[in-house]
């Protein structure tokens, strides 16, 4: 009675494409890519400036923030550039990166104020590049928060 119904059924959908790791130099031109580059540059220039200063106490705190920030920012930059984020999409990338950027923003607020109290021109330079890092991490945290709350994939 319904033999023709089975014959006209649509074919099953093809399996999803296999996600592979690939280099994507176009990520450098996106807003998150530009922000990560700005973050790394601000971290490095601030680190160089704090190494010139004579104040050892503010240098210790700034060094900790620098190393944590640079290692994780470069790691995330490479994860996005090689599409690791798409391959392992079950990990909460956006939530983790939001909290990391928020932590770095708060840490740079504290260390930049502390470094600016040195009072030398080096302290003011460190404060300026710390302010630039605060802006970059803050904008990145805001973008990650909005994407996380919308339920967007991380890429």
**Prompt:** How far apart, in nm, are two points set 7 Å out from the Cα along the Cα-to-Cβ line at residue 103 and at residue 61?
**Reply:** 1.8
**Item:** Nearest-0.05 FRET efficiency for residue 150 and residue 70, computed from C-beta distance (R0 30 Å)
**Value:** 0.55
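So for 31, 148, 93, fewest C-beta neighbours within 10 Å to most, what's the order?
Working: 31 10, 148 18, 93 22.
Ascending number of Cβ neighbours within 10 Å: 31, 148, 93.
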**Item:** Order of 145, 66 under a 10 Å beta carbon neighbour criterion, fewest first
**Value:** 145, 66
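When the helix-only estimate is applied to the chain (DSSP H runs of n ≥ 4, each -39,500 (n - 2.57), divided by the residue count), what is the mean residue ellipticity at 222 nm, nearest 500 deg cm²/dmol?
Values: 6 runs with 111 residues, N = 155.
Value at 222 nm, helices only: -24500 deg cm²/dmol.
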**Message:** Restricting to Cα pairs below 8 Å that are 6+ residues apart, what does the relative contact order work out to for the stretch 22-155? Please round to a whole percent.
**Reply:** 36
**Fill in**
From fewest to most C-beta neighbours within 10 Å, the residues 101, 132 line up as 132, 101
**Request:** Please compute P(r) over all alpha-carbon pairs of the stretch 37-155, binned at 5 Å starting from zero, and give each bin as a whole-number percent.
**Result:** 2, 12, 22, 22, 15, 11, 8, 5, 2, 0
**Message:** Just to verify a number: FRET efficiency for residue 124 and residue 37, C-beta to C-beta distance, R0 = 25 Å, to 0.05?
**Reply:** 0.60
**Prompt:** What distance in nm separates the simple spin-label points at residue 135 and residue 44, each placed 7 Å from Cα in the Cβ direction?
**Reply:** 2.0
**Potential lengthening between residue 95 and residue 117 on full extension [0.36 nm per residue; Cα-Cα distance subtracted]** = 4.5 nm
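Bear in mind that the values in this text are calculations on the coordinates, not laboratory data. Since we're looking at a predicted model, the values are computed, not measured. Cβ coordinates were reconstructed from backbone atoms using ideal geometry, including for glycine residues, and neighbour counts include every protein chain displayed.
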